[in-house]
Amino acid sequence: MSPYDLLPRFKAQYDANNQEFSIAGVVRPQAIDELGPSIALLRDAIGRVRGVLYLNVRRLTQMNNAAFHAFSRILIDTCRARPDLKFVVITSSVVGWTSRKFGRLSGIEPNITVEEYDSEFYPGQGFLEEGGFVPILRSQTKMTWRHERAILPRHGMRQGIVMADICCGIGDFAVLVQKEFQPSRIVALDHSISSLNYARQVMREFDIRGIEYTYGDASEMLLDEAQFDLVTCRHSLQIFNRPELILKELYRICKPGGRVYITNEKNSHCLGEPRAESIRWTYNEVAKLFGHFEMDVELGPKSRRYLMEAGFEDIRVETFMVTNLDGDPQDFADVIAAWADVYAGEMATRRGDGPEFVAQFRQGFEDHIFAALHPKGYAGWPIWVASGRRPQ
Amino acid sequence: MGPVHHELAGEPIFAPMIQIDMEIKAFVSAWRHCDYVSTYMARMISQNRSDSVRHSNLFSSALNELLEVASRTRHAGGDLACRVSRHGATDRIELTFPCVPEERQFYEEAVSHVTGTEARERYLNSVSGDLAPSREVVLLELAVDYNAALRVEEADGDAIKLVVDLPLEGLQH
Ligand SMILES: C[S@@+](CC[C@H](N)C(=O)[O-])C[C@H]1O[C@@H](n2cnc3c(N)ncnc32)[C@H](O)[C@@H]1O
């Protein structure tokens, strides 16, 4: 047997509090007795629960028919013996086959239902995944790239590496990296189908190679462990209400000795002259507004702590300021205008803000634009870059 | 490799992508070989699919079942050959492996059930049935859940060749 054979490739667990049995990993036994302990655990769980037993297969990446049959047999038999008990199988849209395969069971036993579940811990999903954000992301990446292209090599970016960009959005960053640094392979993952379609279209039109766009959930990725030299996740930890869960996944897919690179904002530190006061007030409110939707756009300076707590070493943190002087001040102004649209528009409305507040809120963005375009003005948007190495 | 669409007398030409040959004795000596081979081949051929990670997951799932079928052969000698080729959105698996005459007959019958209209019903019955999954279920599932087209072809010696066309690229989302 090779050492690989000794690694457990799947894990079954029972969580009594939530009446949830979960099985994750690759389950491809030759004979059913290899599943003995997991099957016993499931039977035991069934013996204890009342009402509903949740069967979580969200992280089940492979299961052969032999194993599927063994587990489904237990569910079907239980349904017949105990009509009081219901099973809810929780699948993920990311794993292509699970919903269909487990879905068959509900056709056989009405007490088995299948729910396709996708992360609920990302409350702002609606605002950021829909098409409206695309132009903002484009201009943002154009502006941050001027800085990041110089910064990235200090955080592990080199030619020929294998890298992943998690929460890649419309893929601009991946394309820029591909051109500038020529990694040997880039896997770019996002949970927005429209963004991925956009990214793939760009790739086709410009005949770009070496980037693989994939639909996935950053909190539970189909990607194998320890396969990337560099894992980037830009402007995204800050939109999850439990960033530590994402970091755990970034850590998992990163090679030992490889690095995870994150960028985040601290929105209340956006600034401008003239009209500094009004600008400051508005961006303080931006932070509160995101907070209302459980997103922490003040995360930037907390990156160091998050990386340390996730188990990284050799943590490096730096900041840069995108300003109106970097390139065309109009680009800067356009980004602010797009923020104003979403923040003082849909988001404020959704929170139930009154017209007076919205007017003042909007004024700060207009003043920021004014500062950006003013011949003697200065406008800035600070970004925190942090990276850590996964221990060997 | 870009999508190549040759058409010759109606029969599309599949461009070869990868092939693995192994003595059947060596192959069946470790069950894990099914997993290794399916994972490896899936990864190799999925890199230029529109969603490589999902494609690879689905392809590995299908190929592993076929390899497990081959791994249960009752014939002890000869070679296993697994070849994948591509035509547009369809990937073709050609799996050749030694088998005894009864097995050959079994596969021929099984494949004829798969192509029939009752495939779906047979599949559901086998999922709800008490018996351990037969090799037929695997083939039914490929047809019902993966939209695969299956056929059996002649192979040299005591061998059989299963040809499975998988349109996974069109199956996503
Ligand atoms: C603020 S955008 C950042 C995009 C890109 N990194 C950039 O800098 O332009 C956040 C991205 O996270 C994606 N996202 C949200 N939830 C996700 C999840 N659970 N898994 C993967 N991506 C997710 C969104 O679709 C969106 O593209």
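The values are calculated or read from the model by the stated rules, or taken from the named source; none is laboratory data. Values in this document were obtained by computation on a predicted structure and should not be read as measured data. Every residue, glycine as well, gets a Cβ built from its backbone with ideal geometry; the counts of neighbours run over all protein chains shown. Note: areas computed on protein heavy atoms with side chains; ligands, DNA, RNA excluded. Shrake-Rupley method; radii C 1.70, N 1.55, O 1.52, S 1.80 Å.
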Within 10 Å of the Cβ of an average residue in A:366-376, the count of other chain Cβ atoms is 0
Rounded to the nearest percent, how much of the accessible area of the protein assembly as shown (1.4 Å probe, protein heavy atoms only) is carbon and sulfur? 51 percent
Say a paramagnetic label sat at a point 7 Å from the Cα of A:Glu115, along Cα to Cβ; which residues of segment A:14-33 have their backbone N under 19 Å from it? A:14-24
With the crude spin-label approximation of a point 7 Å out along Cα→Cβ, what separation in nm comes out for A:Ala276 versus A:Arg100? 6.2 nm
Accessible-area loss of at least 30 Å² (1.4 Å probe, chain alone to full protein assembly) applies in segment A:60-83 to A:Gln62, A:Asn64, A:Asn65, A:His69, A:Arg73
Let me check against my output: what whole-number percent is the relative contact order of segment B:13-170, with C-alpha pairs under 8 Å and at least 6 apart? 25 percent
Of chain A, which part is the longest with no trypsin sites (Lys or Arg not before Pro) in a loop (DSSP not H, G, I, E, B) and with at most 16 other C-beta atoms within 10 angstrom? A:210-375
Report the B-A buried area as the accessible area lost on both sides summed, probe 1.4 Å, in Å² to the nearest 100. 3300 Å²
Scan around A:Asn324 for amide H atoms under 5 Å from its own, H built in the peptide plane at 1.01 Å from N, and keep only partners 5 or more places away or cross-chain. A:Ala379
What does the net charge come to around B:Arg49 if you take all other residues with beta carbon closer than 10 Å to its beta carbon, with K and R at +1 and D and E at -1? -2
Per-residue mean of other chain beta-carbon atoms within 10 angstrom of the beta-carbon, peptide A:151-160? 0
Simple spin-label estimate for B:Asp158 and A:Arg200 in nanometres, 7 Å along Cα-Cβ: 4.6 nm
Based on the alpha-carbon gyration tensor of segment B:13-170, what equivalent-ellipsoid semi-axes (square roots of 5 times the eigenvalues) come out, in whole Å, largest first? 22, 20, 15
Can you pull the percent of Cα pairs in segment A:141-255 with separation above 17 Å? 52 percent
Taking placed amide H atoms and a strict 5 Å upper bound, the residues 5 or more places from A:Val187 or on another chain that come that close are A:Met163, A:Ala164, A:Asp165, A:Glu212
Kirkwood Rh over alpha-carbon pairs of segment A:164-228 plugged into Stokes-Einstein at 10 °C, 1.306 mPa s gives a D in µm²/s of 134 µm²/s
Percent antiparallel among DSSP beta bridges confined to chain A, nearest 5, equals 45 percent
Over the protein assembly as shown, with the other protein chains present, what is the accessible area per residue in square angstrom, probe 1.4 angstrom? 43 Å²
Pop out the ³J(HN,Hα) list for segment A:235-248 in order, Karplus 6.51 cos²θ - 1.76 cosθ + 1.60 with θ = phi - 60°, rounded to Hz; leave Gly and Pro as x. 6, 10, 3, 5, 9, 9, 7, 10, x, 5, 5, 5, 4, 4
For the protein assembly as shown, take the alpha-carbon Rg, divide it by the Kirkwood Rh, and send me Rg/Rh. 1.03
So the FRET efficiency between A:Leu373 and A:Glu346, C-beta based with R0 = 25 Å and rounded to 0.05, is 0.50
Give me a comma-separated list of calculated 3J(HN,Hα) values for segment A:226-231, in order, Karplus coefficients 6.51, -1.76, 1.60 applied at θ = phi - 60°, integers in Hz, x for any Gly or Pro. 6, 10, 10, 6, 9, 10
What nm value, rounded to one decimal, do you get for the distance between B:Ser128 and B:Gln105 when each label is placed 7 Å out toward the C-beta? 3.1 nm
